Amino acid sequence: MADQFALVPAVYVMFRRSNPAQRPEVLLQLREGTGFMDGYWAHAAAGHVELGESALDAAVREAAEELGVELLSSELKPLTVLHRRHAEGVDPVDHRVDFFYECRTWSGEPRRMEPLKSADLRWWPVDELPEKLVDHERFVIEAHHAGQLAPIHSYGF
């Protein structure tokens, strides 16, 4: 039997809006104090799916915990599932399954709820993303914006 490994499921909520010039924007947080990709921008709400929790419920929870906003699960549009391998993929924790959702409607004003894990929160025009953006997250944002995001992708293999 082949070596088995455990996948680590995570969720990402792509908050989108249009700025006054009708240019699409995404909400990103600058990672700090997490021990992983600190100094890089990333989706404003993201995190691991907890044991016994659905990916959809995790997305709603992460938005509340990280941004202080309320989402209805019915307002989350599934974008893609990304099966990815981080680094060389030799450790089982390096194999991930990421569920990406888009959100355009929420209650409350997004704000940094975890200041020890985030240095900034900012809206970015999709065509002017920051240089230091987590690679697989950039891939999803840009592919979605270009209309080339498939329901399932592999990344890092």
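Residues of region 110-136 that are among the charged types (D, E, K, R) and under 12 Å from Leu27 (Cα atoms): Arg111, Arg112, Asp120, Arg122. State whether the residues of region 55-69 include one that is on the phi > 0 side of the Ramachandran plot and modelled with pLDDT of 95 or more. Yes - at least one qualifying residue is present in region 55-69.
Look at Arg112 and say whether it is in a strand (DSSP E or B), at pLDDT 95 or above and among the charged types (D, E, K, R). When the stated conditions are applied, Arg112 does not pass them.
So Arg96 clears everything in (1) within 22 Å of Val140 (Cβ to Cβ); (2) out of contact with any strand residue (DSSP E or B) (no Cβ under 9 Å at 6 or more places or on another chain) except one condition, right? Which one? Evaluating Arg96 over (1) within 22 Å of Val140 (Cβ to Cβ); (2) out of contact with any strand residue (DSSP E or B) (no Cβ under 9 Å at 6 or more places or on another chain) leaves (2) as the failure. Of all residues in region 10-19, none satisfies the criterion of being surrounded by 18 or more Cβ atoms within 10 Å (Cβ to Cβ) and at pLDDT below 95.
Glu131 satisfies every condition listed in (1) within 18 Å of Asp38 (Cβ to Cβ); (2) touching a Ser or Thr at 6+ places or on another chain (Cβ under 8 Å) except (2). Looking across region 115-142 at every residue that is assigned to a helix (DSSP H, G or I) and not aliphatic (A, V, I, L, M), the one that is surrounded by the fewest Cβ atoms within 10 Å (Cβ to Cβ) is identified as Glu128. For region 35-54: of the residues being touching a residue at least 40 places away in the same chain (Cβ under 8 Å) and assigned to a loop (DSSP other than H, G, I, E, B), which is surrounded by the most Cβ atoms within 10 Å (Cβ to Cβ)? It comes out as Ala44.
The values are calculated or read from the model by the stated rules, or taken from the named source; none is laboratory data. Note that the structure is a prediction, hence the values are computed from the model and not measured. Quick reminder, even Gly has a Cβ in these numbers, built from the backbone with ideal geometry, and neighbours come from all protein chains shown.
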